[in-house]
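Step one of this worksheet: look at the structure below.
The values are calculated or read from the model by the stated rules, or taken from the named source; none is laboratory data. Note that the structure is a prediction, hence the values are computed from the model and not measured. Here the Cβ positions follow ideal geometry from the backbone for every residue, glycine too, while neighbour counts run over all protein chains shown. Calculation scope for accessible area: heavy atoms of the full protein, side chains included, ligands and nucleic acids excluded. Shrake-Rupley method; radii C 1.70, N 1.55, O 1.52, S 1.80 Å.
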Number of protein chains: 2
Amino acid sequence: MTNNYPGFIAHIRKYVELSEQEVDILDSYVKPVDLKRREYLITEGEVCRCNYFVERGCLRMFFNNDKMVEQTIQFALETWWMSDYFSFARQSPSQYMIQAVEKSFVVAVDYSLQDKLFSEVPQMERYFRIMMQRALAASQLRVKLIYQLSKEEMYTQFVNSFPGFFQRVPQYMIASYLGLTPEYLSELRKRR
Amino acid sequence: MTNNYPGFIAHIRKYVELSEQEVDILDSYVKPVDLKRREYLITEGEVCRCNYFVERGCLRMFFNNDKMVEQTIQFALETWWMSDYFSFARQSPSQYMIQAVEKSFVVAVDYSLQDKLFSEVPQMERYFRIMMQRALAASQLRVKLIYQLSKEEMYTQFVNSFPGFFQRVPQYMIASYLGLTPEYLSELRKRR
């Protein structure tokens with residue numbers, strides 16, 4: 001049994017049972033990836049071949065808008081999965097970049113191996129069904145908040161939901177994620 | 001074998017194999033629901049007990065904002081699934097209403113029966129894993145478009161993606177979904 005990514009195995013075992021033997025099989029299907037700060041997993045135009053689990057560190061997904069300004073649309077912290085699911089499912093070019101915000105260590109599940117993994121360890125299909133459903137729930141909530149909250153309320157909600165996050169991530173990325181100018185974000189932080 | 005919801009069975013068979021016997025089992029786990037125009041499947045504060053497949057008709061999900069104005073955040077047409085996945089997964093009260101926009105016929109999968117269904121027809125777990133992943137891909141794209149497009153571009157994108165939809169759904173619901181005033185939507189429609 002591997003001890004390279006205890007967070008990954010523990011997270012799966014929160015949702016489904018895995019024998020030691022199944023952990024070994026799983027081990028042969030996933031690829032650990034070390035990432036330097038600001039290193040890319042995919043860039044625009046590449047196919048997003050993997051779904052990535054954050055064992056340590058933080059990823060972000062962004063695109064360059066018409067004004068060639070980086071627009072961050074998603075972050076992933078420890079125990080979160082990240083992929084461009086459109087590109088992943090169709091194995092078509094991605095419109096996004098996925099980048100390590102800080103030094104990170106991720107576990108990658110390759111699209112081309114996924115079905116074979118599911119046939120050998122069927123619980124993994126269940127695990128991913130639950131992960132996708134959870135991500136969808138989070139995404140529905142996010143859309144609701146975008147419609148419901150003012151920019152300032154979005155900021156407060158974000159700070160309260162992810163304490164400690166602000167120290168880890170450059171302010172301009174958070175501003176972009178929240179749809180604020182960096183100047184306005186800085187003003188909101190001072191007010192708190 | 002049932003012929004009550006051919007769209008439902010055909011949709012599942014696009015993604016996984018189902019024998020006639022498995023269709024019969026599936027049949028015993030799902031509940032067909034006839035809905036009048038404007039009838040509710042859930043209202044705010046209720047637990048969203050089911051995941052709903054639209055066999056015929058159209059559903060929408062909305063909430064009442066601070067000004068008690070209905071904010072539509074999602075539509076579901078034929079072959080789409082709809083649920084409040086947060087409420088569904090936790091069996092906690094929903095913050096949304098799910099309503100039939102027109103006379104509709106849906107197939108409901110109850111949360112309390114889902115795991116038993118998966119153990120009897122394991123392919124259904126796979127089917128739902130794929131459905132959740134597709135919905136997540138659509139949701140990622142939606143968030144990108146919200147950040148990327150102007151209100152007018154959102155409108156054009158929506159019209160091109162779902163031709164015929166405008167004839168079926170009251171304009172104020174579409175305006176609310178697109179984040180436009182009904183007046184501005186009407187202006188945009190005249191311009192086209």
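Mean-square fluctuation check for chain A, GNM, Cα pairs under 10 Å: which of A:Val106, A:Val16, A:Val47 is largest?
Result for chain A, Cα springs under 10 Å: A:Val16 fluctuates most.
Report the accessible area of B:Ser150, computed with a 1.4 Å probe over the heavy atoms of all protein chains in place, in Å² rounded to the nearest 10.
50 Å²
So what's the angle, to the nearest 10 degrees on a 0 to 90 scale, between helix A:20-29 and the longest Cα principal axis of chain A?
70 degrees
Sort B:Met68, A:Met82 from largest to smallest accessible area, using a 1.4 Å probe on the heavy atoms of the protein chains.
On the way: B:Met68 140, A:Met82 0 Å².
Output order, biggest surface exposure first: B:Met68, A:Met82.
What is segment B:74-123 by shape, rounded, prolate or oblate, if you read a ≥ b ≥ c off the alpha carbon gyration tensor as root eigenvalues and call it rounded for a/c under 1.5, prolate for a/b larger than b/c, and oblate otherwise?
Because a/c hits 1.5 or more and a/b fails to exceed b/c, segment B:74-123 counts as oblate.
Under a 1.4 angstrom probe, counting protein chains only, how are B:Glu17, A:Glu39 ranked by accessible area, largest first? Each step should come with its number before you reach the end.
Details: B:Glu17 155, A:Glu39 70 Å².
Result, largest first: B:Glu17, A:Glu39.
Hey, if you drop one equal point scatterer on each alpha-carbon of segment A:1-87 and run the Debye formula without solvent, what base-10 log of I(q)/I(0) do you get at q = 0.11 Å⁻¹?
Computed log10 I(q)/I(0) values: -0.38.
Using a 1.4 Å probe and counting only protein heavy atoms, how much accessible surface gets buried when A and B come together, both sides summed, in Å² to the nearest 100?
Roughly 3600 Å² of accessible surface disappears when A and B pair.
Amide H to amide H under 5 Å from A:Trp80: which residues, 5+ apart in sequence or cross-chain, H placed 1.01 Å off N in plane?
Under 5 Å from the amide H of A:Trp80: A:Val54.
Once the label point is set 7 Å along the Cα-to-beta-carbon vector, what list of distances in nm do you get between A:Glu102 and its counterparts in the other copies?
5.2
Kindly identify segment B:152-192 as rounded, prolate or oblate by the Cα gyration tensor criterion: order the square roots of the eigenvalues as a ≥ b ≥ c, call it rounded if a/c is under 1.5, otherwise compare a/b with b/c, prolate if a/b is larger, else oblate.
rounded
Rounded to two decimals, what is the ratio between the C-alpha radius of gyration of segment A:120-192 and 2.2 N^0.38 Å? All intermediate terms of the calculation are to be shown ahead of the outcome.
On the way: Rg = 16.1 Å, N = 73, 2.2 N^0.38 = 11.2 Å.
Compactness ratio reported: 1.43.
For B:Arg38, tell me the accessible area in Å² from a 1.4 Å probe, rounded to the nearest 10.
Roughly 80 Å² of B:Arg38 is accessible to a 1.4 Å probe.
With a ≥ b ≥ c taken as the square roots of the eigenvalues of the C-alpha gyration tensor of the protein assembly as shown, please select rounded if a/c is under 1.5 and otherwise prolate if a/b is larger than b/c or oblate if it is not?
oblate
So, in Å, what gap is there between the alpha-carbon centers of segment B:1-46 and segment B:140-190?
Computed from Cα coordinates, the inter-centre distance equals 29 Å.
Tell me, what is the per residue accessible area of the protein assembly as shown in Å², probe radius 1.4 Å?
So the protein assembly as shown comes to 47 Å² accessible per residue, rounded to a whole number.
At 37 °C and a viscosity of 0.692 mPa s, what translational diffusion coefficient does Stokes-Einstein give for segment A:35-135, taking Rh as the Kirkwood radius over Cα pairs? Give it in µm²/s as a whole number.
Translational D for this selection: 233 µm²/s.
Per residue of chain B, what 222 nm ellipticity follows from adding -39500 (n - 2.57) for every DSSP H run with n ≥ 4, rounded to the nearest 500? Working shown, then result.
Details: 9 runs with 95 residues, N = 192.
The per-residue figure over chain B is -15000 deg cm²/dmol.
Using a 1.4 angstrom probe on the protein heavy atoms only, could you order A:Asp27, B:Asp115, B:Asp66 from most to least accessible area?
Descending order: B:Asp66, B:Asp115, A:Asp27.
Which of the residues in segment B:137-156 lose at least 10 Å² of accessible area when you go from the chain alone to all protein chains together (probe 1.4 Å)?
Buried by the other chains: B:Ala137, B:Ser139, B:Gln140, B:Leu141, B:Arg142, B:Val143, B:Lys144, B:Ile146, B:Tyr147, B:Gln148.
Give the nm distances, rounded to one decimal, from B:Met68 to the matching residue in every other copy, measuring between label points 7 Å along Cα toward the beta carbon; shortest first.
Taking the point 7 Å beyond Cα along Cα→Cβ, the inter-copy spacings are 5.1 nm.
If we hang a label 7 Å off Cα along the beta carbon direction at B:Val143, how far is it from the matching labels on the other copies, in nm, shortest first?
Once sorted, the set of distances for B:Val143 reads 1.2 nm.
Could you compute Rg(Cα) / (2.2 N^0.38 Å) for chain A, with N its residue count?
1.09
Give the long-range amide H neighbours of A:Lys103: residues separated by 5 or more places, or on another chain, with amide H under 5 Å away, using H modelled in the peptide plane at 1.01 Å from N.
Here A:Arg37 satisfy the definition.
Report in % the part of the accessible area of the protein assembly as shown that belongs to carbon and sulfur, leaving out ligands and nucleic acids; probe 1.4 Å.
Ligands and nucleic acids excluded, carbon and sulfur give 51 percent.
FRET efficiency for A:Gln91 and B:Glu39, Cβ-Cβ distance as r, R0 = 45 Å, nearest 0.05? Walk me through the intermediate numbers first.
On the way: r = 41 Å, r/R0 = 0.91.
Plugging the Cβ-Cβ distance into 1/(1 + (r/R0)^6) gives 0.65.
Taking R0 as 35 Å, what FRET efficiency do you get between A:Lys67 and A:Asn160 from their Cβ-Cβ distance, rounded to the nearest 0.05?
The computed FRET efficiency comes out at 0.70.
I'd like the accessible area for B:Ile130: 1.4 Å probe, protein heavy atoms, all chains in place, Å² to the nearest 10.
Only protein atoms counted, so the area is about 30 Å².
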